[in-house]
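Structure first, then comments.
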Amino acid sequence: MKIQEADAKSLLLAQGLPVPGWEVARTATEARAAAERALAAGAEQVVIKAQVLVGGRGKAGGVKLASSADEAEAVAGRILGMDIKDITVRKVLVAAAADIVKEYYLSAVLDRSARRILLMGSAEGGVEIEQVAVATPEAITYQHADPYLGLLDHQARRLAFAMDLGPHWKAGVAIAKGLVRTMQAHDADLVEINPLAVVREGGAGSGDGSGERLVCLDAKVTLDDSALARHPELEALRDPDEEDPTDQLAREAGISFIKLDGTIGCMVNGAGLAMTTMDLVKRAGGEPANFLDIGGGARADKVAAAMRLILADPKVDAILVNIFGGITRGDEVARGLIEARSLQERDVPMVVRIVGTNFEEAARLLQEAAFETAGSLDEAAAKAVAASGGAAA
Amino acid sequence: MSILVGRHTRLVVQGITGREGGFHAAAMLEYGTLVVAGVTPGKGGQTALDGRVPVFDSVHRAVAETGADTSCIFVPAAGAPDAVMEAVDAGIRTIFCITEGIPALDMVPVVQAIRDAGARLIGPNCPGATSPGQAKVGIIPGSVHREGRVGVVSRSGTLTYEAVQAMTDAGIGQSTCVGIGGDPIIGTTFSDILALFAEDAETDALVLIGEIGGDAEEQAAGWAAEHLADIPKVAFIAGRTAPEGKRMGHAGAIISGASGTAQSKVDALEAAGFRVAGSPTELPTLLRDAGYAG
């Protein structure tokens, strides 16, 4: 689960990391008030940042500076309501604009190959790390945390020195260890600070040169969905503004569902087979409307819920059901399909393929109910594409 | 010989009195697997599967009484990491963890402990392994298999059944089919399994079934290019149409930026001499094209 920058910053702050203050505003008026407070506290400018769970906010015009309360209100008014990668901005973060001396990059991620937590640091901050990795791979320093003990002091020191943090290396050590603690405390997959920055405090142009500090200017945290059950407090960070109603329905039904742009709805058991079914629809000349895994052992009620999810998308004009029974019983799915079809409001052609456990009974039920069936996966995909009028569009 | 499981396997099922554990333990027994013990804390002294399998309070007890050497875990996610640690502590050296939904960070120290002990963990979130005609450990339906000489390794569950069924229907049998699991942190990788198949005198060809996310397929391709140049190899990769940044059901199936794409895996596998199928149903034909005559 992705969480907003402001929530990610709160998690870091709770681990004792240096994060400059901010406020979240939902209206231009609120943004103005927040800007007034920041300016009164000595800031020369404020930064206003769109709070959306997609990257590339800056490029899309979702991050702007303002030098007065009036300007802050106007800027916030423009950002609020704008669409960034199809997500409408409903809130902005307002903070004193930092007087940046130098930007760095620091993150903690789960390294699948090494099966450990991996820290990545770079003196090339403020740009996407993927770009740095391509352009100047030597500019990134890697350090694995100990699998039993977490990030040890000496590991954090090696990272800080390799990042060229200079006089700020001790702060770098503390922040690196804090990232790993944040990851462990909340079961995060990713904790990223970009930029981590040396900033001049006491306002720009104060020029005394003594007030430099290493701080986390941005924060990105992704949580492990498998661990949310044991962190009920993190559920509150799920952003209802950005969750599609069908996503919520799917989550509550225990169905893995991802909406795509095509016309052929897919209902499959198993994630790998669900992806394969999508791929074969595409290969047969159609476009899949969704990824949907009903999970193992699904019964009639889950099948009905899956059908509702698929039909909620008005673009769907054909449905492909592909079940390879193992734990899942084919006859249960067939009964669920028959029941779901009797209730559904929209008549959409459906192609059903059920093999594996109890497939004979499933075939008999489907035949009685006059369902279009298919033997092989390829045949099922071809039939679904033929049934979909929108395939050529 | 087959790999990981066989006639010699003496299996303990952790969580045998649960719904899933009981159902699949019965199917394993029916397939011919030597299910010698079950473990459910607090139910020691009872029996499971109509009196055919004794239940113990601990894996230690089960090992001492029955000589179990392999474990299959159906314990719910909250207790599964501990179940793995219990098995390795009791001296079990081949551990299958079927459990889905274990928080990834929980597995980091567990996987290290398994390595330190010189044991092998397959999974978590895996369907297990079957050596057709000998034994099956896990949840792969026994009906999809046929005895033979092709080794199959996959990250998926039902997709594996699909691929194996297609092989069986075409008359191509399997030496062992292994599902390594769809989680980000797993105990045994594609490369580990390929290394076992490379040493197996009864495996003459390989089928690798991968999916988007991570770079385990690319690593396996590299390993195969070096060590398995002369053996027929085919592959299938799921998720060519998967969008970037979305978890496709499996916790590990996610494309992050440019990494973990199906194309990257297909390219790496083809460069390593694998023939890559566009559909699981093409795997048998591609095996024949690659020179497999079994």
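The values are calculated or read from the model by the stated rules, or taken from the named source; none is laboratory data. What you see is a predicted model; the values in this text were computed from it and never measured. Cβ placement follows ideal geometry from the backbone for every residue including glycine, while neighbour counts extend to all protein chains displayed.
General observations
- Tally of residues being in a loop (DSSP other than H, G, I, E, B) and either at pLDDT 95 or above or polar (S, T, N, Q) (or both) across the stretch B:248-289: 7
- Residue check, residue B:84 farther than 20 Å from residue B:190 by Cβ, surrounded by 24 or more Cβ atoms within 10 Å (Cβ to Cβ) and either at the interface with chain A (Cβ under 8 Å from one of its Cβ atoms) or over 17 Å from the mean Cα position of the chain (by Cα) (or both): no
- Meets criteria (within 20 Å of residue B:27 (Cα to Cα) and touching a Leu at 6+ places or on another chain (Cβ under 7 Å)) for residue B:158: yes
- For the stretch B:153-178, filtering for residues that are over 9 Å from the mean Cα position of the chain (by Cα) and more than 13 Å from chain A (Cβ to nearest Cβ) leaves 7.
- Taken over the stretch A:120-149, the criterion of being under 26 Å from the mean Cα position of the chain (by Cα), surrounded by fewer than 16 Cβ atoms within 10 Å (Cβ to Cβ) and within 13 Å of another protein chain (Cβ to nearest Cβ) is satisfied by A:128, A:130, A:131, A:134, A:144.
- If only residues of the stretch A:250-293 that are free of Cβ contacts under 8 Å to residues at least 24 places away in the same chain and farther than 13 Å from residue B:242 by Cβ are counted, the one that is farthest from the other protein chains (Cβ to nearest Cβ) is A:252.
- Single residue of A:106, A:110, A:65 found to be in the same structural domain as residue A:219 (by TED's automatic domain parsing), more than 30 Å from residue B:180 (Cβ to Cβ) and hydrophobic (A, V, I, L, M, F, W, C): A:106
- Residue satisfying condition, being surrounded by 24 or more Cβ atoms within 10 Å (Cβ to Cβ), part of a loop (DSSP other than H, G, I, E, B) and over 14 Å from the mean Cα position of the chain (by Cα), within set B:187, B:213, B:181: B:213
- Here residue B:168 qualifies as surrounded by fewer than 24 Cβ atoms within 10 Å (Cβ to Cβ) and outside any loop (DSSP other than H, G, I, E, B).
- Top-ranked residue in the stretch A:87-108 [being within 13 Å of chain B (Cβ to nearest Cβ) and either surrounded by 20 or more Cβ atoms within 10 Å (Cβ to Cβ) or modelled with pLDDT of 95 or more (or both); ranked as farthest from residue A:151 (Cα to Cα)]: A:107
- Subset of the stretch B:228-246 that is at the interface with chain A (Cβ under 7 Å from one of its Cβ atoms) and outside any strand (DSSP E or B) - its residue that is nearest to the chain's Cα centre (by Cα): B:239
- Checked against (1) more than 27 Å from residue A:212 (Cβ to Cβ); (2) in contact with a Ser or Thr (Cβ under 9 Å, 6 or more places away or on another chain), residue A:45 passes all but a single condition, namely (1).
- As for the stretch B:198-208, it holds no residue that is at pLDDT 95 or above, in contact with a Ser or Thr (Cβ under 9 Å, 6 or more places away or on another chain), closer than 19 Å to residue B:124 by Cα and within 11 Å of chain A (Cβ to nearest Cβ).
- Residue check: residue B:116 meets all listed conditions (1) assigned to a helix (DSSP H, G or I); (2) surrounded by 20 or more Cβ atoms within 10 Å (Cβ to Cβ); (3) at the interface with chain A (Cβ under 10 Å from one of its Cβ atoms); (4) not β-branched (Val, Ile, Thr) but one, namely (2).
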